[in-house]
1. Out of the residues in region 93-105 that are hydrophobic (A, V, I, L, M, F, W, C) and free of Cβ contacts under 8 Å to residues at least 60 places away in the same chain, which is farthest from Leu121 (Cα to Cα)?
2. For region 64-92, which residues satisfy the criterion of being farther than 25 Å from Ser7 by Cα and either in contact (Cβ under 8 Å) with a residue 12 or more places away in the chain or within 13 Å of the chain's Cα centre (by Cα) (or both)?
3. I'd like the residue in region 191-209 that is surrounded by 14 or more Cβ atoms within 10 Å (Cβ to Cβ) and not β-branched (Val, Ile, Thr) and, out of all such residues, is farthest from Ala158 (Cα to Cα).
4. Scan region 148-168 and give yes if some residue there is more than 14 Å from the chain's Cα centre (by Cα), part of a helix (DSSP H, G or I) and among the charged types (D, E, K, R), otherwise no.
5. Can you spot a residue in region 91-100 that is modelled with pLDDT under 95 and assigned to a helix (DSSP H, G or I)?
6. Restricting attention to region 172-185, does a residue exist that is acidic (Asp, Glu), surrounded by fewer than 18 Cβ atoms within 10 Å (Cβ to Cβ) and in a helix (DSSP H, G or I)?
Amino acid sequence: MDYTKESCRDFARLLASAEPTPGGGGAAAIAAALGSALGEMVAALTLGKKRYAQVEPEIRAAAEELGRLRERLLDMVMEDARGFEPLSRAYRLPKDQPGRDEILEKATMAACAAPREIMVLGCRALKCVEVMAEKGSVMAVSDAGCAAAMIKAAVDSAALNVYINTKSLKDRKRAESMNTACHEMQDGCALLAEEIYTKVKSSLLGQES
């Protein structure tokens, strides 16, 4: 089953169930994809308008990148599910089974891959959204702010799906290295998202940014 081909209601129903997938990683990927799509919408409402002719090349380039990121993020919904399946099976192995620890370690590492990539993709998308917020149509600036908020939430959510796995890794050096990389992505994303959101909010309320 490709979860991204389900209706919104069916996806939410699956997410609400006791099934191991889809889970937080898949939800994060969907949120980041929706944020990317909102950024693309800002571009669609900007391109072709005389008022924005000078920034059209930059808007178009950012929109094209957002489109690529949106598609990749949607792919990550299933990649996250596939990455978790081996770990789910490993947890069901008898505790006295020879090699269980090694199997768990390998499966845990694999389960970290998708949420880490979702974070990377989200951070890239946020930089494109910054372009939309600063240079896109003022009629759609609220959508750029929404995009930033959704992508930040997605990056933070994906990070938690890494941390829950690195917590149980035996290789603590590798675990801490992954945690550090995720912390850095979260920090950078949070700063940029807050900057975008604050500027958008201030412009809508008629305040100085």
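1. Our first condition is that a residue be hydrophobic (A, V, I, L, M, F, W, C); within region 93-105, this holds for 93, 103-104.
Restricting the remaining residues to those that are free of Cβ contacts under 8 Å to residues at least 60 places away in the same chain gives 93, 103.
Working: Leu93: 34, Ile103: 28 Å.
Among those residues, the one meeting the criterion is Leu93.
2. Glu65, Pro86, Leu87, Ser88, Arg89, Ala90, Tyr91
3. So the first thing to find is which residues in region 191-209 are surrounded by 14 or more Cβ atoms within 10 Å (Cβ to Cβ), and the list is 192-193, 195-201, 203.
Retained after the next criterion (residues that are not β-branched (Val, Ile, Thr)): 192-193, 195, 197, 199, 201, 203.
Details: Leu192: 17, Ala193: 16, Glu195: 21, Tyr197: 20, Lys199: 25, Lys201: 26, Ser203: 30 Å.
Among them, the one singled out is Ser203.
4. Looking only at region 148-168, we keep the residues that are more than 14 Å from the chain's Cα centre (by Cα), and these are 163-168.
Keeping just the survivors that are part of a helix (DSSP H, G or I) gives 163-166.
Restricting the remaining residues to those that are among the charged types (D, E, K, R) gives none.
Scanning region 148-168 turns up no residue that is more than 14 Å from the chain's Cα centre (by Cα), part of a helix (DSSP H, G or I) and among the charged types (D, E, K, R).
5. The initial filter retains those residues of region 91-100 that are modelled with pLDDT under 95, namely 91-100.
If we keep only those that are assigned to a helix (DSSP H, G or I) too, we end up with 91, 100.
Among the residues of region 91-100, at least one is modelled with pLDDT under 95 and assigned to a helix (DSSP H, G or I), which makes the answer yes.
6. Filtering region 172-185 down to residues acidic (Asp, Glu) leaves 176, 184.
Filter again for surrounded by fewer than 18 Cβ atoms within 10 Å (Cβ to Cβ), leaving 176, 184.
If we keep only those that are in a helix (DSSP H, G or I) as well, we get 176, 184.
Within region 172-185 (the criterion being acidic (Asp, Glu), surrounded by fewer than 18 Cβ atoms within 10 Å (Cβ to Cβ) and in a helix (DSSP H, G or I)), the answer is yes, since at least one residue qualifies.
The values are calculated or read from the model by the stated rules, or taken from the named source; none is laboratory data. Note that the structure is predicted; figures quoted are calculated from it, not measured. Neighbour counts are summed over all protein chains in view; Cβ atoms, including those assigned to glycine, are modelled from backbone coordinates with ideal geometry.
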